[in-house]
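Here's the structure, in structure tokens; my notes come after.
Each reported figure results from applying straightforward, stated rules to the coordinates on display, with no laboratory input. None of these values were measured; they are calculated from a predicted model. All Cβ positions, glycine included, derive from the backbone under ideal geometry; neighbour counts span all protein chains shown.
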Amino acid sequence: MRTVKIELANKIASTLQETPENCAMLMEYPPNPELGDLALPCFKFAKKLRKNPQQIAHDIAQLLKSATCLESVTVENGYVNMKIRHSVIWNKVFEISSTHIANLFTRQRFLGKRVAIDYSSPNIAKPFGVGHLRSTIIGEALLRMLKEDGFEGIGINHLGDWGTQFGKVIAAYQKWGSEDKVKENPIRELFQLYVRFHQEAEQNPHLEEEARYCFKKLEDGDEETIRLWQWFIKESLTGFEKTYRLLGVHFDHYLGESFYNDKMEAVVEELQDKHLLVESDGAFVVDLSEWNMPPCIIRKSDGTTIYATRDLAAALYRHDKLHADYLLYVVGSEQTLHFQQVFKVLDLMGRDWSSNCVHVAFGLMKFNGEKLSTRRGHVVYLEDVLEKAIQEARSIIESKNPNLSNPDEVARQVGVGAVIFNDLKTYRIHDVDFRYEDVLNFDGETGPYVQYTHARACSVLRKALTTISQEEMNSSVSVPDVALQSFTLTPSEWSLLKQIAQANEFFERAVDQYDPSVIARFALLVSHAFNRFYHDDPILTAPHSIRQRRLDLVRLTKHVLAHTLHLLAIEAPEAM
Ligand code: ARG
């Protein structure tokens with residue numbers, strides 16, 4: 001569709017005194033297809049051209065009469081309405097996708113550029129929370145999308161394996177912990193200790209002091225403390241990786257916060273040299289009042305460095321050592337101020353690439369409308385969520401398709417896909433609500449619905465194989481190549497094809513907004529269009545040449561849906 005828009009825009013740009021790109025951008029898809037496939041509202045140009053919109057629309061329509069890609073041009077209420085020749089889009093779509101389906105989506109705009117995406121980044125000895133789930137899911141989809149647009153992508157897990165909260169867990173373990181219990185179920189046990197620490201600290205504020213002391217010992221390299229710390233990390237990582245495997249997530253680097261322990265002094269020194277550090281109550285901070293932000297704390301009064309300092313060191317590392325041109329941070333919107341501060345300090349340090357640092361923020365995830373707080377021990381474990389989704393998927397699949405040969409695998413693909421899609425279909429900055437009934441609903445706007453549509457397309461193609469080979473044996477007439485003819489599609493075929501032809505526009509918008517929900521929406525729209533087509537137009541029972549064309553459309557849809565799901569890190573079973 002993009003190329004058709006550009007082609008049309010080229011014809012009218014000079015008359016409208018606009019760039020072709022702008023003209024193309026102003027073309028809309030009318031909500032009512034009766035009106036046309038594309039519309040250009042002309043109100044915007046009235047002032048500049050000193051003509052009324054209706055007159056402009058007439059002039060434009062005149063110019064477009066010669067466009068061979070158009071079937072008709074009409075003018076109504078200041079709009080130019082265009083109907084596109086079906087065969088034009090058909091030929092373009094099949095030509096572009098013939099070498100690789102990805103070509104329908106991408107122009108590889110960022111070849112030669114490198115992006116580092118910081119995502120998931122859970123905290124060790126705390127549970128993998130739902131915020132981390134959102135970050136993992138959005139980050140993985142983003143990485144896949146950006147790579148497809150030409151970027152060389154580096155996925156980084158900025159593990160929270162350092163920080164004062166670590167002192168708490170170590171203090172708690174030394175008071176109440178048991179080695180056996182930790183070994184048995186490390187993630188839960190360590191979290192229980194963390195929760196108990198907070199409960200008891202309400203009664204006994206002295207505990208906070210102890211935790212600070214423990215953390216200090218860690219920073220000072222006390223042997224026993226270090227041993228415990230390393231053990232906690234090892235056990236927790238095993239737990240996280242189990243979840244990542246289930247989600248199909250892979251990181252290029254695990255570079256935890258502790259990795260920057262020996263890289264922060266250089267940051268502090270540079271800030272000092274550049275006269276950016278000021279003392280405030282014994283702490284060292286960068287004053288950001290000029291930009292209406294609270295000061296960025298670099299070193300606390302007890303000498304410990306903090307989160308921001310580590311992020312400064314990490315940013316320098318990613319840019320200087322990993323040679324990333326863009327740094328993305330997929331982190332909840334509650335950390336917006338933190339990233340604004342960090343990026344500003346980088347800017348003040350003279351790093352012009354700080355303008356390529358982006359906080360890809362996202363909203364909360366609620367369970368049945370309720371917000372979770374880890375501190376109070378009110379927590380949903382991710383592995384439980386996924387396990388339950390898989391179980392529920394399994395029982396749905398068993399009742400729908402008892403003869404499936406690989407029900408376990410499909411249940412995993414569908415259960416996990418349901419959780420991922422539920423997250424990604426929402427505009428990322430909005431809060432997400434999670435209810436099992438909703439996310440697994442095969443008829444709702446869900447992952448299973450898209451997967452099911454894909455499986456339905458596969459099933460049509462499987463059936464076609466048996467039916468057609470039978471018939472082909474009985475006929476020696478070769479199949480005419482419909483792609484080369486001029487022809488008219490049924491309304492349902494046409495809306496499906498038109499929807500698919502917008503892949504590139506959806507894809508680029510998703511990349512430009514760093515928002516996978518745009519792609520999830522595309523998956524839903526293609527699925528709706530396919531199911532309408534499947535319902536309206538007979539495929540296997542249609543006359544020979546029409547059947548060929550419909551099967552081409554089914555095959556195209558199958559590949560488009562599989563690829564779209566792949567971009568979202570969701571698997572596409574061929575039967576379910
Ligand atoms: N571990 C942090 C948290 O759970 C998220 C880290 C995000 N990445 C970063 N570079 N600060 O809040």
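Output the relative contact order of the range 101-252, whole-number percent, from Cα pairs under 8 angstrom with separation of 6+ residues.
Relative contact order for the range 101-252 comes out at 28 percent.
Can you give the calculated 222 nm mean residue ellipticity of the chain, where each DSSP H run of n ≥ 4 adds -39,500 (n - 2.57) and the sum is split over every residue, rounded to the nearest 500 deg cm²/dmol?
Only helices count here, giving -17500 deg cm²/dmol.
What residues have an amide H closer than 5 Å to that of V75, excluding those fewer than 5 places away on the same chain, when H is modeled at 1.01 Å from N in the peptide plane?
N81
Just to verify a number: FRET efficiency for Q62 and N10, C-beta to C-beta distance, R0 = 22 Å, to 0.05?
E(calc), rounded to 0.05, equals 0.90.
Put +1 on the Cβ of every Lys and Arg and -1 on every Asp and Glu Cβ in the chain; which of T541, A523, C23 then has its Cα farthest towards the positive end of the dipole?
T541
Give the Rg (one decimal place) followed by the Dmax (whole number) of the range 323-424, computed from C-alpha coordinates and expressed in Å.
20.4, 64
Please tell me the relative contact order of the range 236-391 in percent, rounded to the nearest whole number, where contacts are Cα pairs under 8 Å and at least six residues apart.
Dividing the mean separation by the residue count of the range 236-391 yields 16 percent.
Could you give the length gained by full extension between E398 and Y307, i.e. 0.36 nm per residue of separation minus their alpha carbon distance, to one decimal place?
Gain in length upon complete extension: 27.9 nm.
Distance from a point 7 Å along Cα→Cβ of E95 to each backbone N in the range 57-74: keep the residues under 18 Å and list them by number.
Those under the cut-off are 67-71.
Nearest 20 debye, what's the magnitude of the dipole of the range 316-428 about its Cα centre given +1 on Lys and Arg Cβ and -1 on Asp and Glu Cβ?
Dipole size: approximately 300 debye.
Let's see if you can work this out: charge +1 on each Lys and Arg Cβ, -1 on each Asp and Glu Cβ, no other charges. What is the dipole magnitude of the chain about its Cα centre, in debye to the nearest 20?
That gives a dipole near 1920 debye.
Each residue of the range 507-516 in order: what ³J(HN,Hα) in whole Hz does its phi give by Karplus 6.51 cos²θ - 1.76 cosθ + 1.60, θ = phi - 60°, with x for Gly and Pro?
Each residue of the range 507-516 in turn: 4, 5, 5, 4, 5, 5, 9, 6, 9, x Hz.
If you average the sequence gap of Cα pairs under 8 Å that are 6 or more apart and divide by the length of the chain, what percent do you get for the contact order?
Worked out over the chain, it gives 15 percent.
How far, in degrees from 0 to 90, does helix 407-424 lean away from the longest principal axis of the Cα atoms of the chain, to the nearest 10?
80 degrees
Can you give the Rg to Rh ratio for the range 1-156, taking only C-alpha atoms and Rh from Kirkwood?
Computed over Cα atoms, the ratio is 1.16.
For the range 70-183, build the charge dipole from Cβ charges (+1 Lys, Arg; -1 Asp, Glu) around the Cα centre, then report which of H132, Q165, I96 sits farthest towards its positive end.
Value: Q165.
Kindly identify the range 497-576 as rounded, prolate or oblate by the Cα gyration tensor criterion: order the square roots of the eigenvalues as a ≥ b ≥ c, call it rounded if a/c is under 1.5, otherwise compare a/b with b/c, prolate if a/b is larger, else oblate.
prolate
Report the residues of the range 379-413 in range of a label on L364: point 7 Å along Cα→C-beta, backbone N strictly under 16 Å from it.
The answer is 379-380.
If the chain between D512 and E21 were fully stretched, how many nm would it gain, using 0.36 nm times the residue separation less the Cα-Cα distance?
Full extension from D512 to E21 adds 175.2 nm.
Find the centroid of the Cα atoms in the range 163-183 and in the range 500-533, then give the distance between the two in whole Å.
That distance is 47 Å.
For the chain, find the longest principal axis of its Cα atoms and tell me its angle to the long axis of helix 130-148, 0 to 90°, nearest 10.
Roughly 50 degrees, rounded to the nearest 10.
Which one, N123, T467, N403, is farthest towards the positive end of the dipole of the chain when Lys and Arg carry +1 and Asp and Glu -1 on their Cβ?
Of the candidates, T467 comes out farthest on the positive side.
Along the range 315-329, what does the Karplus equation 6.51 cos²θ - 1.76 cosθ + 1.60 (θ = phi - 60°) give for ³J(HN,Hα), rounded to whole Hz, x for Gly and Pro?
Whole-Hz 3J(HN,Hα) from phi for the range 315-329: 5, 4, 4, 5, 6, 6, 9, 8, 6, 7, 7, 10, 10, 10, 10.
What are the ³J(HN,Hα) couplings of the range 446-462, residue after residue, when phi is run through the Karplus curve with 6.51, -1.76, 1.60 and θ = phi - 60°? Round to Hz, x for glycine and proline.
Result, ordered by residue: 10, x, x, 5, 5, 4, 5, 5, 4, 5, 5, 4, 4, 5, 4, 5, 5 Hz.
If you look at just the Cα atoms of the chain, how large are its Rg and its Dmax in Å?
28.4, 91
With +1 on each Lys and Arg Cβ and -1 on each Asp and Glu Cβ, how big is the dipole of the range 1-99 about its Cα centre, in debye rounded to the nearest 20?
Dipole of the range 1-99, to the nearest 20 debye: 340 debye.
At a Cα cut-off below 29 Å, give the lysines reachable from K44, other chains included and same-chain residues fewer than 8 away excluded.
Those lysines meeting the cut-off are K5, K11, K65, K83, K498.
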